[in-house]
Amino acid sequence: MEKRLNKRKTLSGKVTSDKMNKTRVVEVDSTLRHAKYGKLMKRSARYKAHDEKNESHVGDVVEMMSVRPLSKDKRWAITRIVSKNKDKEAVVI
């Protein structure tokens, strides 16, 4: 059999909410250059991601990949926790 390549999209971002069961809100920041003026602009997008074991918490940096639709809003699943939040009192930006 052929080895199948994983062509799913992956993103990394910071967990901003862990109040839902098995669901985390992850904020992904990106920078892009303005088409006309060339200025760097910061954009952020918030995604709802599935966390089966409820392991990630607010402030953690996580990596997630696209999956089939799990609910109305969830299309991402957390694959690993890149770094844990060292501060126990979570600060939401």
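The values are calculated or read from the model by the stated rules, or taken from the named source; none is laboratory data. Quick caveat: nothing in here was measured; it's all calculated off a predicted structure. Methodologically, a virtual Cβ is constructed for each residue, glycine included, from the backbone with ideal geometry; neighbour enumeration extends over all protein chains shown.
When you look at ALA77, is it in a strand (DSSP E or B), in contact with a His (Cβ under 7 Å, 6 or more places away or on another chain), without any contact (Cβ under 8 Å) to a residue 40 or more places away in the chain and crowded, with 16+ Cβ neighbours inside 10 Å, yes or no? Write out each step before concluding.
On the way: in a strand (DSSP E or B): yes; in contact with a His (Cβ under 7 Å, 6 or more places away or on another chain): yes; without any contact (Cβ under 8 Å) to a residue 40 or more places away in the chain: yes; crowded, with 16+ Cβ neighbours inside 10 Å: yes.
For ALA77, the condition - in a strand (DSSP E or B), in contact with a His (Cβ under 7 Å, 6 or more places away or on another chain), without any contact (Cβ under 8 Å) to a residue 40 or more places away in the chain and crowded, with 16+ Cβ neighbours inside 10 Å - is met.
Within the set of pairs 6+ apart or on separate chains, which have a first residue in the range 60-74 that is charged (D, E, K, R) and assigned to a loop (DSSP other than H, G, I, E, B), a second that is modelled with pLDDT under 95 and surrounded by fewer than 14 Cβ atoms within 10 Å (Cβ to Cβ), and C-beta atoms under 6 Å apart?
ASP60/LYS84
Confirm whether VAL25 is surrounded by 10 or more Cβ atoms within 10 Å (Cβ to Cβ) and either in contact with a Lys or Arg (Cβ under 6 Å, 6 or more places away or on another chain) or assigned to a strand (DSSP E or B) (or both). Spell out the reasoning first.
Details: surrounded by 10 or more Cβ atoms within 10 Å (Cβ to Cβ): yes; either in contact with a Lys or Arg (Cβ under 6 Å, 6 or more places away or on another chain) or assigned to a strand (DSSP E or B) (or both): yes.
So VAL25 fits the description; yes.
Of all residues in the range 21-56, which are over 16 Å from LYS84 (Cα atoms), in contact (Cβ under 8 Å) with a residue 24 or more places away in the chain and not polar (S, T, N, Q)?
LYS22, ARG46, TYR47, LYS48, ALA49, HIS50, GLU52
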